[in-house]
Amino acid sequence: MITTFKNKLFLTFIFVSISLSALSQSKLDPYNVVWTSQSKSPSGSMPLGNGDIGANLWVDEQGQLCLYISKTDAFSEIGRLLKVGKVILRTKPQILSAKNFNQTLKIEDGLIQIEATNAENQSLSITCLIDANRPVLTISGKSTIPLEVELVNAIWRTSIDSLKGSERRSAYGIMDSKQAIMREIDSIISKKDQLIWVHQNKSSIWQSTLDNQNISEFNQLSKDPLLNQNFGAIVSGTNFYNQNNKTLLSKKPLTEFELNVAVLKTQNVQLSTWTKEAQKILKNAEKIPFSERLLWHKNWWADFWNQHYILITAADQDAITIKDTYAVSQGYLLQRYMNACAGRGGLPIKFNGSIFNVDVEDNMGKKYLSNYDADFRDWGANYWFQNTRLPYYSMLYSGDFQLMKPLFDMYLKALPLAKYRTQKYFNHAGAYFPETMTPWGTFTIDNYGWDRSKLNLPDGISQNKYIRYVWEGSIELSKLMIDYYEFTNDQAYFKNELLPFIKEIVIFYNSHYQRDTSGKISIQPAQSLETYFEGVINPLPEVAGLHSVLDKLLEHEQIIADKSFIQEMIAMKKVLPEIPTKQINGSVALSPGYNLGERTNIEKPELYAVFPYRVYGLGKDKVESAILSFNSNVKDQFSGWQQDAVFAAYLGLTDDAKRMVTHNFTTKHTKSRFPAFWGPNYDWVPDQDHGTVNMRALQNMLVQSENDRILLFPAWPKNWNVAFKMHVQGQQIIQGNYDMSKGVTLTKGATAPIKYYLPKSN
């Protein structure tokens with residue numbers, strides 16, 4: 001068929017053939033990460049994970065296999081996200097130190113393969129994985145000669161001392177600057193033929209955060225999430241015995257060996273309960289042959305990769321294009337891999353390092369002058385919504401819907417606290433959330449203020465002026481929840497879990513603000529993100545967000561049982577202010593709000609009307625105003641959490657989107673060996689915002705799905721051939737490829753109308 005589409009920006013004619021045969025996905029082997037030499041330090045590590053348990057793995061120059069083990073919700077008594085521990089494997093002879101060495105992250109299988117052959121032609125092969133179906137890390141080795149094998153628990157949290165200098169930033173938000181921050185310690189449990197260690201939270205800062213924010217009595221309605229939390233690991237292996245409580249040794253030289261590490265977190269007073277549960281996990285895993293567990297593990301990863309892919313190749317023989325398309329494809333795949341490694345846990349993905357941060361080695365600039373251990377991450381362990389949200393936007397088009405639930409769950413669990421404080425602070429219903437918060441929902445105390453007696457600030461208002469009135473995240477999360485529903489059609493989850501949350505946010509905004517002389521809601525006091533401070537009236541992110549959320553909820557009113565809430569939304573919609581605008585050279589552009597004052601940060605709040613709220617965009621009314629706003633902003637700051645590449649994609653600005661995505665997927669932390677350890681940018685290494693913003697941008701260069709309409713290739717470069725499988729709204733998949741010389745072939749379409757854009761200039 002011939003499809004034509006015309007608007008002010010593009011005139012497109014494109015031939016589309018529909019094939020009955022399925023497009024076979026290319027193998028991912030070309031995008032594996034392969035190293036042919038050992039690493040000098042933990043900065044030379046590769047990531048492993050199963051969604052909750054993670055590991056940084058490297059072989060050092062002495063031939064030792066080293067692993068930092070992590071867990072998404074291993075929060076200590078003082079609220080730091082700690083590593084679970086570190087183990088080191090050695091063999092005698094130490095074959096892994098050989099010059100003939102190969103270490104490969106096989107992303108398609110979710111495992112790391114290590115091969116080494118020494119000068120005596122003695123070989124060792126090791127497979128390392130974290131089981132996709134159980135919380136167990138396995139190290140499986142085969143050698144051409146019998147080896148003495150040793151596994152050491154390299155525990156380092158063994159003594160009580162205080163964090164010094166800028167190392168205290170790993171406890172940002174939870175400890176007063178006047179207080180000593182004591183390093184946590186672990187306990188070793190002696191057990192025959194096993195290594196066992198555990199961290200016990202014998203105290204907690206939970207109550208102190210409630211006291212600080214004048215909601216002490218909420219302790220009668222909830223449970224301390226930190227107290228008596230235990231997390232640790234048990235290690236064992238057939239034909240191994242413990243030489244001491246830190247070392248496992250093979251009972252005899254082995255040509256084959258297998259070591260399993262079970263990782264567990266529980267919350268109970270008795271440590272024996274944790275031990276019994278961890279032992280059960282370990283024994284259940286060991287009952288199943290590794291070959292069988294490996295097969296099921298590979299099947300999980302095969303399903304993961306087969307549900308979505310974007311694989312780009314050069315449409316010509318230009319060397320730069322070949323290099324760039326490979327880097328973009330690999331960067332996209334590796335970031336999605338890391339999302340999967342950390343996205344199925346008890347808490348959301350941490351923007352500042354995920355679970356793959358390692359020791360600081362004097363390589364982070366003048367700000368960090370000491371060697372800090374692997375528990376350090378800048379900006380601490382709490383959650384910044386503007387940063388935390390970004391990995392989750394890429395999960396809609398990739399179909400990784402299960403990975404989105406830890407984000408939703410954290411806020412759903414914190415909703416009772418948010419409703420409680422709203423009623424106490426402001427004497428009205430609804431709920432609001434601060435920009436920076438603990439996993440249980442209180443303000444981060446560094447931002448709320450430790451001693452507020454001299455601040456003359458009412459309860460509920462942050463001391464930190466950068467985020468004092470930045471509550472917009474709850475609107476944005478509501479919109480993301482609606483997006484989730486529109487992509488999945490999961491009506492039960494939306495009605496029972498997500499909709500009650502969204503309702504409380506809408507009620508808050510309808511109740512909290514006064515009406516102006518025209519009867520419209522006047523959102524003040526307010527600020528426009530962190531860029532325009534207190535004094536702003538009707539900031540665009542809030543206004544555009546409320547319009548977007550209300551419009552979408554009213555579109556789906558048939559599934560909302562509460563008819564009074566529908567009437568409240570209809571009435572609220574009528575009194576919402578218009579989206580702020582301004583004049584630029586006589587033309588209408590978007591404005592961050594009114595009464596702005598001095599610019600204090602580098603965000604672009606006016607472009608939130610483009611993304612995440614998508615009020616303006618390609619094929620929509622007044623797109624010229626959004627393009628004018630985009631072109632009037634600084635365009636050389638688009639790394640880290642900045643969303644410029646996504647803005648460009650939604651506005652159909654191919655050249656800008658291509659330039660930004662290519663630059664960001666080829667820019668990583670220079671001291672880290674793994675190519676997708678981006679950062680630190682504004683945060684930490686590996687920077688999860690940097691990679692996932694570019695994932696979403698690349699997705700929307702290729703496909704945009706909204707309101708039963710699909711835009712195909714709205715910002716796609718002409719000389720980038722691509723094979724793709726994309727999820728779109730309505731629980732549908734669109735699959736096919738583009739070849740510059742052949743056009744577009746769709747092997748799986750969608751019921752929604754598709755508008756085709758011709759891939760444009762290079």
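Quick note: the coordinates plus some simple rules give every number you see, no bench work behind them. Quick caveat: nothing in here was measured; it's all calculated off a predicted structure. Reconstructed Cβ throughout: ideal geometry from the backbone, glycine too, with neighbour counts over all protein chains shown.
Between D739 and T751, the contour length at 0.36 nm per residue exceeds the alpha carbon distance by 2.0 nm.
As a ratio to 2.2 N^0.38 Å, the alpha-carbon radius of gyration computed for the range 329-756 takes the value 0.96. With R₀ fixed at 51 Å, the C-beta to C-beta distance from S222 to K287 puts the FRET efficiency at about 0.85.
Using a simple spin-label model with pseudo-atoms 7 Å out from Cα toward Cβ, T667 and K620 lie 2.7 nm apart.
Sorted ascending by nearby beta carbons within 10 Å, beginning with the fewest, L227, L480 become L227, L480. Listed by chain and number, the lysines whose C-alpha is less than 20 Å from the C-alpha of K424, apart from same-chain residues fewer than 8 away, are K223, K413, K503.
Within the chain, the percentage of alpha carbon pairs spaced more than 40 angstrom apart rounds to 35%. Taking every alpha-carbon pair within the range 532-652, the share separated by more than 16 Å comes to 64 percent. Of all aspartates and glutamates in the structure, those lying under 17 Å Cα to Cα from K276, and not within fewer than 8 positions of it along the same chain, are D193, E286. Here the chain is assigned +1 on the Cβ of each Lys and Arg and -1 on the Cβ of each Asp and Glu. Its dipole about the Cα centre then comes out at about 440 debye. Considering helices alone, the calculated mean residue ellipticity of the chain at 222 nm is -8500 deg cm²/dmol, with DSSP H runs of length four and up weighted by -39500 (n - 2.57) and normalised per residue. Could you please state, rounded to a whole Å, how far the C-alpha centre of the range 260-280 is from the C-alpha centre of the range 447-466? One Cα centre to the other: 40 Å. Distance in nm between label sites at N299 and D490, each 7 Å beyond Cα in the beta-carbon direction? Going by the 7 Å Cα→Cβ label model, 2.2 nm. Be a star and scan the range 338-360 for residues whose amide nitrogen sits under 15 Å from the point 7 Å along the Cα-to-Cβ vector of Q307. Zone members listed by number: 338-345.
As a proxy for reagent exposure, V685, V149 were ordered by neighbouring Cβ count within 10 angstrom, fewest first; the result is V149, V685. Percentage of Cα-Cα pair distances in the range 75-162 greater than 23 Å, rounded to whole percent? Above the 23 Å cut-off, the range 75-162 has 40 percent of its Cα pairs. For the range 301-454, what class follows from the C-alpha gyration tensor (a ≥ b ≥ c being the square roots of its eigenvalues): rounded when a/c is under 1.5, otherwise prolate if a/b is larger than b/c, else oblate? It is oblate, given that a/c is not under 1.5 and a/b is not larger than b/c. Spacing of the modelled spin labels on D318 and S159, each 7 Å from Cα toward Cβ, amounts to 6.0 nm.
Taking every full run of DSSP H in the chain, the ones that stretch at least 15 Å from end to end by Cα along their long axis and average 0.0 or higher on the Kyte-Doolittle scale are 319-342, 473-488, 499-512, 540-555, 563-575. When W296, W678 are arranged by Cβ crowding within 10 Å, least crowded first, meaning fewest neighbours, the order is W296, W678. The distance separating the Cα centre of the range 739-762 from that of the range 149-197 comes to 54 Å. Rg over Rh for the range 32-306 works out to 1.01, using Cα positions for both radii and the Kirkwood form for Rh. Measuring between their Cα centroids, the range 600-668 and the range 211-239 lie 41 Å from each other.
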